[in-house]
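Report on one structure; see the data block that follows.
The values are calculated or read from the model by the stated rules, or taken from the named source; none is laboratory data. Remember, it's a predicted structure, so these values are computed and weren't measured experimentally. All Cβ positions, glycine included, derive from the backbone under ideal geometry; neighbour counts span all protein chains shown.
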C-alpha cells in the first residue's frame, strides 16, 4: 500500500510551532487510527516551519491569515496537478485542517466519483463526488483527539443502496443511513443523462436540492469548482461556537501535557547534570 505524505505549514504568526506540531500529531493519529483502516489508506502528517522546508513529494495544508476565498478553506492543484489545501486562520483552524486532510486523502485530485441511487426522486443512478466530510461537516459532529477537534467523516458504506442495521455510515455515528445529509452539510452529484450537476444542502430549515450552475467537466478539478460554488452562511459561526465550547476541555488536556513535560524534565535532569 502506497503511503501519502501530508504537511502542515503555517504562514501566519498566530499559529505557534508548538500548536502546529500538536495539530499534526492529532491529525496523524486520526489518519492512522480512525480513517486509514476504514478507507484503506496509509498516510503520514508532519509539520514544517515554512514552505521552503517542505520535502519533495509532500502535499501541503497551508494555514494563512487570508486565503482570499469565501469560506474557511479551499482545495487546489498546482501546475503539476499535485493537490494542496489553503486554510484560513480562525479559532477553529485545526478542525478545518482535519476536514481538508481527510478529503485530500480520500480523493487527492478532487475528481473521484461513486455511482449510487439519487436522493432526488425523479433521477435514477447518479455519480456522487466523494467529499467524505461534507454531509456531516457541522462542528457539532466533530470529536477530540489529544484535545484537538477533528472532523467526522463518512465511510464507504455511505453510498450503499439501502440501510442495513449495524452498518457504520460515519465514524462518529452521526450519519445513520446511506446518503443522509445532516444540518449544515451538503452532497453534490452529476446526473449522467442530462450531464447536469446538482447539490442537496441543509443550510436552512430544511433540505434543499438545486442545480449547480457553472460546473465544467474539464480543466479545474470538480471539488475545487464545488468549493467555490458552495457557501454555507452558518459555517463560520458554528465552527467558532464549537471551538469556544471545546476550549475548557482543551485547557484540561493542555494542563495535563504540561504536567507530563514537567515529569520528563525531572526524569532526565539527573542525567543532564552529569
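Numerical summary
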| read-out | value |
| --- | --- |
| Test: residue in the stretch 177-189 that is under 19 Å from the mean Cα position of the chain (by Cα), touching a residue at least 60 places away in the same chain (Cβ under 8 Å), assigned to a strand (DSSP E or B) and over 18 Å from residue 223 (Cβ atoms) | no |
| Selection from the stretch 225-242 of residues that are farther than 21 Å from residue 206 by Cα, out of contact with any strand residue (DSSP E or B) (no Cβ under 7 Å at 6 or more places or on another chain) and modelled with pLDDT under 75 | 240 |
| Residue within the stretch 105-115 that is within 14 Å of residue 9 (Cβ to Cβ) and either crowded, with 23+ Cβ neighbours inside 10 Å or touching a helix residue (DSSP H, G or I) at 6+ places or on another chain (Cβ under 7 Å) (or both) present | no |
| Residue that is surrounded by the fewest Cβ atoms within 10 Å (Cβ to Cβ), among those in the stretch 66-96 that are at pLDDT 90 or above and farther than 24 Å from residue 229 by Cβ | 91 |
| Residue in the stretch 211-234 that is outside any loop (DSSP other than H, G, I, E, B), under 16 Å from residue 119 (Cα atoms) and free of Cβ contacts under 8 Å to residues at least 24 places away in the same chain present | yes |
| Enumerated strands (runs of 3 or more DSSP E) restricted to the stretch 17-121, each holding at least 2 residues that are within 14 Å of the chain's Cα centre (by Cα), closer than 22 Å to residue 153 by Cα and in contact (Cβ under 8 Å) with a residue 40 or more places away in the chain | 59-64, 73-77 |
| Single condition residue 42 does not satisfy, out of (1) at pLDDT below 95; (2) surrounded by fewer than 18 Cβ atoms within 10 Å (Cβ to Cβ); (3) touching a strand residue (DSSP E or B) at 6+ places or on another chain (Cβ under 8 Å) | (1) |
| Residue that is surrounded by the most Cβ atoms within 10 Å (Cβ to Cβ), among those in the stretch 138-170 that are in contact with a strand residue (DSSP E or B) (Cβ under 8 Å, 6 or more places away or on another chain) and assigned to a loop (DSSP other than H, G, I, E, B) | 153 |
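Condition check ((1) closer than 14 Å to residue 129 by Cβ; (2) surrounded by 14 or more Cβ atoms within 10 Å (Cβ to Cβ)) across all residues:
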residue	(1), (2)
180	no, yes
185	yes, yes
193	no, no
199	yes, yes
213	no, no
222	yes, yes
225	yes, yes
228	yes, yes
250	no, yes
